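Structure first, then comments.
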Amino acid sequence: MSISTAHYRALAALRYQIRLFLSDGDAAARRAGLEPQQYLLLLAVRGLPKGAKATIQVLAERLMLKHNSTVELIDRLETRGYLRRTQSREDRRCVLVKLLPRGKQLVERVARERLTEMRAGGVALSEALDMLMGRSRSQ
């Protein structure tokens, strides 16, 4: 398969748009008083797929962090009253992470801002994806 200049441009545009989205998300987290990874952990807990449990292992996987780094993030957020750890009733060896009301409010505030920004500026990201997927905008 030959890669066209248009594909290179679309890949570059996609990467730029993703980095811009992530950078803006980091800034939104900081405005809310969180470090970016703290927001991502709160978001991961709140946005787990249906049926998934918020275990440290699952959260570490979703954040692409090591177990001990995830535990440190959880420690900081638990100290600030955003979440709580509990033992699973089914498996006493398993620790579950639950958002507290304060954490729910904070993650919602940042997510609401991010969704508003995405709706306003997501066209360029969508166009880059469409080009790479071989879809025209008229479909």
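The values are calculated or read from the model by the stated rules, or taken from the named source; none is laboratory data. All values reported here derive from a predicted model rather than from experimental measurement. Here Cβ is always computed from backbone atoms with ideal geometry, including for glycine, and neighbour counts include all displayed protein chains.
Of note:
- One residue stands out in the range 24-36 among those that are more than 13 Å from the chain's Cα centre (by Cα) and hydrophobic (A, V, I, L, M, F, W, C): the one that is surrounded by the fewest Cβ atoms within 10 Å (Cβ to Cβ), namely Ala27.
- Residue among Tyr39, Tyr8 that is of a type in the set (Phe, Trp, Tyr), assigned to a helix (DSSP H, G or I), out of contact with any Pro (no Cβ under 9 Å at 6 or more places or on another chain) and surrounded by fewer than 14 Cβ atoms within 10 Å (Cβ to Cβ): Tyr8
- Residue match in the range 84-91 (condition: β-branched (Val, Ile, Thr) and either closer than 30 Å to Gly121 by Cα or out of contact with any strand residue (DSSP E or B) (no Cβ under 8 Å at 6 or more places or on another chain) (or both)): no
- Scanning the range 72-90 for residues that are within 18 Å of Ala29 (Cβ to Cβ), part of a loop (DSSP other than H, G, I, E, B), of a type outside the set (Lys, Arg) and over 19 Å from the mean Cα position of the chain (by Cα) yields a single hit, Gly81.
- Leading residue by the ranking (surrounded by the fewest Cβ atoms within 10 Å (Cβ to Cβ)) among those in the range 107-139 that are part of a helix (DSSP H, G or I) and among the hydroxyl-bearing types (Ser, Thr, Tyr): Thr116
- Residue match in the range 124-135 (condition: of a type in the set (Asp, Glu) and without any contact (Cβ under 8 Å) to a residue 40 or more places away in the chain): yes
- Check on Asp24, within 30 Å of Ala6 (Cβ to Cβ) and not small (Gly, Ala, Ser): yes
- Which listed residue is of a type in the set (Ser, Thr, Tyr) and at pLDDT 95 or above, from Thr70, Thr86: Thr70
- First in the range 1-17 and closer than 16 Å to Gly121 by Cβ and in contact (Cβ under 8 Å) with a residue 60 or more places away in the chain, second anywhere and charged (D, E, K, R) and part of a helix (DSSP H, G or I), Cβ under 9 Å, 6 or more apart: Ala13/Glu127; Gln17/Glu127
- Selected residue [exposed (fewer than 13 other Cβ atoms within 10 Å of the Cβ) and charged (D, E, K, R)] from Lys104, Lys98: Lys98
Table: residues versus (1) more than 18 Å from the chain's Cα centre (by Cα); (2) crowded, with 16+ Cβ neighbours inside 10 Å; (3) in a loop (DSSP other than H, G, I, E, B).
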| position | (1), (2), (3) |
| --- | --- |
| Ile3 | yes, no, yes |
| Leu22 | no, no, no |
| Lys50 | no, no, yes |
| Leu59 | no, yes, no |
| Leu65 | no, yes, yes |
| Thr70 | no, yes, no |
| Arg92 | yes, no, yes |
